[in-house]
1. Kindly indicate whether Asn54 is modelled with pLDDT under 95, within 17 Å of Lys135 (Cβ to Cβ) and surrounded by fewer than 23 Cβ atoms within 10 Å (Cβ to Cβ).
2. Any residue at all in the stretch 167-174 that is part of a strand (DSSP E or B), under 21 Å from the mean Cα position of the chain (by Cα) and not assigned by TED's automatic domain parsing to the domain that holds Ala53?
3. Tell me which of these Glu250 doesn't satisfy, since it passes every other one: (1) buried (at least 18 other Cβ atoms within 10 Å of the Cβ); (2) under 18 Å from the mean Cα position of the chain (by Cα); (3) in the same structural domain as Lys60 (by TED's automatic domain parsing).
4. Does the stretch 191-210 hold any residues that are at pLDDT below 75, surrounded by 15 or more Cβ atoms within 10 Å (Cβ to Cβ) and not hydroxyl-bearing (Ser, Thr, Tyr), and which are they?
5. Assess whether Val105 counts as being in contact with a Cys (Cβ under 7 Å, 6 or more places away or on another chain) and either farther than 19 Å from Asp279 by Cα or part of a helix (DSSP H, G or I) (or both).
6. Can you name every residue in the stretch 156-170 that is modelled with pLDDT under 90 and surrounded by 14 or more Cβ atoms within 10 Å (Cβ to Cβ)?
7. Among the candidates Ile265, Ile249, which residue alone is farther than 24 Å from Leu26 by Cα, touching a strand residue (DSSP E or B) at 6+ places or on another chain (Cβ under 6 Å) and touching a residue at least 12 places away in the same chain (Cβ under 8 Å)?
8. Just one of the numbered conditions (1) within 21 Å of Ser166 (Cβ to Cβ); (2) in a strand (DSSP E or B) is not true of Asn119; which one?
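The values are calculated or read from the model by the stated rules, or taken from the named source; none is laboratory data. Fair warning: this is a prediction, and the values are worked out from it, not measured in the lab. Cβ atoms come from the backbone with ideal geometry, glycine included; neighbour counts cover every protein chain shown.
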Amino acid sequence: MYKLIAIDLDGTLLNSYGQVSEKNRLALKQAQENGAQIVLASGRSTNSVKNIANDIGNNKYIICGNGSLIYDLQKEEIIYDKFIEKKKALQIINICEQNSIYYNVYTENMVIAKTLSNNVMFYHQENANKPDSKKTKINLVSNIYEYVENLENENILKFTISDTSSIIFGSIIRKLREIKNIDVLDVAHMSRKIIKSGTEEVSLEYYYTEITSKDVDKWNAIEWLAKELDIQKEEIMTIGDNINDKLMIENAGLGIAMGNSAPYIKEIADKVVANNNKDGVAEAILSD
């Protein structure tokens with residue numbers, strides 16, 4: 001039996017509408033009753049992951065910002081962190097502004113953006129069916145540089161940068177990689193999400209990357225937590241779909257890729273299950 005099961009959210013546990021299916025909920029409950037630690041490992045902000053963890057009855061640990069921090073839900077405190085320094089964050093913001101590319105900043109408590117576009121539009125749509133206490137906080141500001149410069153008591157987890165043009169996107173990535181002591185995620189495919197507009201479904205498609213402090217990765221955070229819990233690598237199952245899940249899928253005792261994963265993620269996985277709209281997480285857990 002696997003003692004720790006780390007699960008990505010978007011494209012994995014959550015379906016294309018940002019929801020956890022009933023079948024996935026029951027599988028998670030069964031795994032916890034059997035003694036497994038369920039750890040949500042996401043690129044989202046802390047509050048956003050906490051809300052989902054509470055919703056599914058997960059009350060132990062969560063990993064946020066792609067491994068920027070581990071949060072102990074019972075003690076209500078951060079037990080591991082690797083944040084982006086404010087000076088470095090302002091440098092990233094300057095490059096994005098100079099090149100007129102869409103970006104947003106993730107802190108522990110919110111997503112900072114100028115407009116509702118791409119991933120932020122998806123969070124906004126996701127919020128529509130949630131009470132205020134469970135919404136992902138989106139803070140729209142006209143001057144992100146000035147806002148972050150004056151930010152106090154708020155740690156920066158990561159940046160998300162996106163564009164619908166692969167040429168523009170590729171150009172900004174090259175410039176960002178010149179900054180020292182940060183990691184720029186190498187994403188080779190478009191993100192695809194679905195939102196509802198009245199009775200119609202609208203597809204959001206864009207190229208994106210994520211920027212964190214150097215050596216931030218979900219697997220590094222999982223390894224640290226496993227050591228604290230005296231859990232061996234062979235006793236860890238990981239489930240994901242994207243490049244930010246690569247190391248945890250490669251290194252876990254059992255690394256599982258979703259059916260909607262990029263081909264290069266499926267190739268490194270020990271097993272491939274159904275996609276995120278067909279309860280792939282439940283399939284992975286119940287077939288263990």
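1. Yes.
2. No, that holds for no residue.
3. (1)
4. Matches in the stretch 191-210: Lys193, Ile194, Ile195.
5. No.
6. Correct list: Ser162, Asp163, Thr164, Ile168, Phe169.
7. Matching residue, one of Ile265, Ile249: Ile265.
8. Condition (2) is where Asn119 drops out.
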